[in-house]
């Protein structure tokens with residue numbers, strides 16, 4: 001294998017480990033929230049079925065589901081993008097080779113970074129609007145800016161992760177070996 005080339009490959013690897021760890025932590029947290037929402041939904045549905053026995057649905061269950069799913073979706077995006085989990089159409093992939101694929105990956109990651117920053121920016125504006133107007137949910141009366149702010153954490157981490165993947169793709173295009181070029185990097189679930 002040749003010497004590492006690219007823009008600060010050692011720093012890119014260190015940054016990748018940090019971004020990967022943050023993305024993995026947030027994905028696990030999102031999974032736990034999704035699990036809690038699932039359990040709460042089952043309890044709420046069972047409570048509806050057992051209303052004659054004095055049970056009932058969880059008050060505001062749909063509000064909790066909306067808030068939790070919004071957080072979960074945004075918490076999975078950074079990990080998915082870091083692990084190259086987004087759908088790719090590779091009709092011509094075999095003809096370009098590893099560096100050509102890295103060049104396409106660079107363009108795709110740049111476009112994803114632009115989209116992620118735009119989403120995070122607009123979600124931030126929505127969060128500040130919900131905070132400024134003091135909007136609350138109908139049943140539980142919790143402030144609407146809470147789930148917006150929770151999702152905003154994932155949105156900005158997604159933007160950071162996408163920016164990192166631009167750097168990673170650039171270094172892959174400039175010089176990593178063929179065996180390393182399109183392989184997922186970072187921490188594995190079991191490591």
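Structure summary
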read-out: Among (1) without any contact (Cβ under 8 Å) to a residue 24 or more places away in the chain; (2) touching a strand residue (DSSP E or B) at 6+ places or on another chain (Cβ under 9 Å) - the single one residue 92 does not satisfy; value: (2)
read-out: Set 115, 67: member being modelled with pLDDT of 95 or more, buried (at least 16 other Cβ atoms within 10 Å of the Cβ) and under 25 Å from the mean Cα position of the chain (by Cα); value: 67
read-out: Subset of region 132-148 [in a helix (DSSP H, G or I) and more than 26 Å from the chain's Cα centre (by Cα)]; value: 132, 133
read-out: Filter result (in contact with a helix residue (DSSP H, G or I) (Cβ under 7 Å, 6 or more places away or on another chain) and at pLDDT below 90) within region 7-54; value: 7, 9, 12, 15, 16
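The values are calculated or read from the model by the stated rules, or taken from the named source; none is laboratory data. If you're wondering where the values come from, they're calculated on a predicted model, not measured in any experiment. Note: ideal-geometry Cβ built from the backbone for every residue, glycine included; neighbour counts use all protein chains shown.
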